[in-house]
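Note sheet for the following structure.
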Amino acid sequence: MKSQDEVVIIGGGIGGLTLALALHRDGVPFRVYEAVPEIKPLGVGLNLLPHAMRELAGLGLEPVLRRKGIATQEYRFYTRHGQLVLREPRGQYAGYEWPQIAIHRGDLQFTLLEALIERAGPDVVVQGHRCVKVEQDEDGATVHFIDPKGQPLPPVRGPVAVACDGVNSVVRVQMHPKEAVPRYEGTLQYRGTTRWKPYLTGATHVYLGANETGKLVMYPIRDNIDGEGTQLINWVIEVKRPTEDLKRDWNRRAEISDFIHHFEHAKFDWMDIPAMMRAAEAVYEYPMIDQDPLPFWTEGRVTLLGDAAHPMMPRGSNGAAQAIIDATTLSRLLVQHEDPRAALKEYEQLRLKATSDVVLANRKISPDGLLEVVNERTGGKPFERLEDVITEQEIIEWQARYKKIAGFSLDDLRRPVTA
Ligand SMILES: Cc1cc2nc3c(=O)[nH]c(=O)nc-3n(C[C@H](O)[C@H](O)[C@H](O)COP(=O)(O)OP(=O)(O)OC[C@H]3O[C@@H](n4cnc5c(N)ncnc54)[C@H](O)[C@@H]3O)c2cc1C
């Protein structure tokens, strides 16, 4: 990019901060404008799949992320009766060059924030700036902000503006005012974290059950939090349930009694699951919502990134991963092109189709979809022999398909990054 003016990054979440770190590495000036007056370590757990870890390793963050999170060793898929369907190694345990790391979202956000401030200084992140509108002309983009009290702040101008403002993006609404309302799948998610002793390998990601009767996803995200080996376990429940409240609010509280009855039976020799859930510090509710892929993300000097561009159902561990890959791709392109508008256009060409495929795959063929198939074929009853229900080949193909679509098959990650 020719201009020495600062790229305006709207939103200091996972995508915005990764973009800032990548631009800093690549020598492009920038500043991040975040709505909240003080960034707090909110959320529960998420997964950094190997394709996202490749990008974060390129930013020098692999050692710190390994320390703060847990390198997942394996996935195990169980029916609701606790029958094992699949045990699958993950990350470096599956031959990847990079680990798969399970981590608290707040730990990830603060790792990015601290690295950025250490490398580029504290002034590059401006908090208390909520974007309300973006305008552009031949020479630049102008971003309008309000403060936490709703008062207008002086507008900011840059060669481009990148909207990393999350699932409720105002820039997306401005760009696509007639977009259809978000699509609710009919499934509510409940999320919590519990301090608990390590189970199975101490780094096992468990899927258990099926949507119809309640599904559990569970993995440790912090190790040895008390010096006595206790871990912080992240767990997510999915149950079919109608809801009127389709607001995408990551901080909406819920009660254990809303869903625990689906799991009272789930007491296994490796974990008493209802006891673990009852010991949670707090439980949150989130509707499984996504939006149909957009026809475009870039208009001249303005583009969308991360959840603002491709809100997907939080399933398959790709929300953060795709935002991270968007960010590093865009940074590389801004360096390659003299005209930043060309960079934004090529970014859209490279990333729109790729992420649209993930949005659609998360509806039907995410990894846990395997358990839906088994549940359907057994009518939810225990099986005698797994091979009578599903063949090994079918299982292999199911798992390979999602990795391929989401861009983290072993073959894909052996190829060098080109853009
Ligand atoms: C509070 C919170 C908790 C979350 N918890 C989880 C979780 O537990 N598990 C999980 O898988 N995902 C969670 N997510 C979503 C997850 O971070 C994203 O799906 C993913 O990492 C993609 O990142 P992103 O940067 O696109 O969006 P986000 O990480 O959501 O970041 C968006 C950022 O933009 C800021 N912002 C919003 N509107 C404006 C505006 N108008 N002007 C300026 N800034 C704005 C937000 O405050 C936020 O910092 C959470 C998101 C948030 C905001």
So how many residues does the stretch 313-323 have that are aliphatic (A, V, I, L, M) and near the ligand (Cβ under 8 Å from one of its atoms)?
2
The lone condition Glu212 fails out of (1) surrounded by 16 or more Cβ atoms within 10 Å (Cβ to Cβ); (2) at pLDDT below 95; (3) closer than 30 Å to Gln73 by Cβ; (4) away from the ligand (no atom under 13 Å from the Cβ) is (1)
Within the stretch 32-80, tally of residues that are crowded, with 16+ Cβ neighbours inside 10 Å, within 12 Å of the ligand (Cβ to nearest atom) and more than 17 Å from Thr111 (Cβ to Cβ)
2
Take the residues of the stretch 91-132 that are at pLDDT 95 or above and among the acidic types (Asp, Glu): which is nearest to the ligand (Cβ to nearest atom)?
Asp107
Being at pLDDT 95 or above and either away from the ligand (no atom under 11 Å from the Cβ) or not in a helix (DSSP H, G or I) (or both) is the filter here; which residues of the stretch 1-19 pass it?
Glu6, Val7, Val8, Ile9, Ile10, Gly11, Gly12, Gly13
Picked from the stretch 240-257 (must be surrounded by 14 or more Cβ atoms within 10 Å (Cβ to Cβ) and at pLDDT 90 or above), the residue nearest to the chain's Cα centre (by Cα) is Ala254
Going residue by residue through the stretch 291-302, is there one that turns out to be in a helix (DSSP H, G or I) and in contact (Cβ under 8 Å) with a residue 24 or more places away in the chain?
no
Consider the stretch 124-134. How many of its residues are without any contact (Cβ under 8 Å) to a residue 60 or more places away in the chain and either among the β-branched types (Val, Ile, Thr) or more than 13 Å from Ile10 (Cβ to Cβ) (or both)?
1
Is it the case that the stretch 22-42 has a residue that's free of Cβ contacts under 8 Å to residues at least 40 places away in the same chain and not basic (Lys, Arg)?
yes
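Results for (1) part of a helix (DSSP H, G or I); (2) touching a residue at least 40 places away in the same chain (Cβ under 8 Å); (3) surrounded by 20 or more Cβ atoms within 10 Å (Cβ to Cβ), shown as yes or no for each residue.
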| position | (1), (2), (3) |
| --- | --- |
| Asp139 | no, no, no |
| Thr142 | no, no, no |
| Pro154 | no, no, no |
| Gly166 | no, yes, yes |
| Gln174 | yes, yes, no |
| Pro177 | no, no, no |
| Ala180 | no, yes, no |
Assess whether Ala115 counts as being surrounded by 16 or more Cβ atoms within 10 Å (Cβ to Cβ), assigned to a helix (DSSP H, G or I) and small (Gly, Ala, Ser).
yes
Before we move on, is His310 within 19 Å of Glu179 (Cα to Cα) and outside any strand (DSSP E or B)?
yes
Could you grab me the full set of residues in the stretch 257-283 that are in contact (Cβ under 8 Å) with a residue 60 or more places away in the chain and outside any strand (DSSP E or B)?
Asp258, Phe259, His265, Ala266, Trp270, Ile273, Met276, Met277, Ala279, Ala280, Glu281, Ala282
Among the residues of the stretch 356-391, what is the count of those that are more than 30 Å from Leu304 (Cα to Cα), in contact (Cβ under 8 Å) with a residue 24 or more places away in the chain and among the hydrophobic types (A, V, I, L, M, F, W, C)?
7
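Table: residues versus (1) under 10 Å from the mean Cα position of the chain (by Cα); (2) away from the ligand (no atom under 13 Å from the Cβ); (3) surrounded by 22 or more Cβ atoms within 10 Å (Cβ to Cβ).
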residue: Ile273; (1), (2), (3): no, yes, yes
residue: Arg278; (1), (2), (3): no, yes, no
residue: Tyr284; (1), (2), (3): no, no, no
residue: Arg301; (1), (2), (3): no, yes, yes
residue: Asp307; (1), (2), (3): yes, no, yes
residue: His310; (1), (2), (3): no, no, yes
Which condition number does Gly91 fail, the rest of (1) within 20 Å of Asn234 (Cβ to Cβ); (2) free of Cβ contacts under 8 Å to residues at least 40 places away in the same chain being met?
(2)
Matching residues, the stretch 73-108, being at negative phi and part of a loop (DSSP other than H, G, I, E, B)
Gln73, Thr79, Arg80, His81, Gln83, Arg90, Tyr96, Glu97, Trp98, Pro99, Gln100
Here's a check for you: in the stretch 182-209, which residue that is within 16 Å of the ligand (Cβ to nearest atom) and within 12 Å of Gln231 (Cβ to Cβ) is surrounded by the most Cβ atoms within 10 Å (Cβ to Cβ)?
Thr193
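The values are calculated or read from the model by the stated rules, or taken from the named source; none is laboratory data. Quantities reported herein were computed from a predicted structural model and do not represent experimental measurements. All Cβ positions, even for glycine, are placed from backbone atoms using ideal geometry, and neighbour counts span all protein chains on display.
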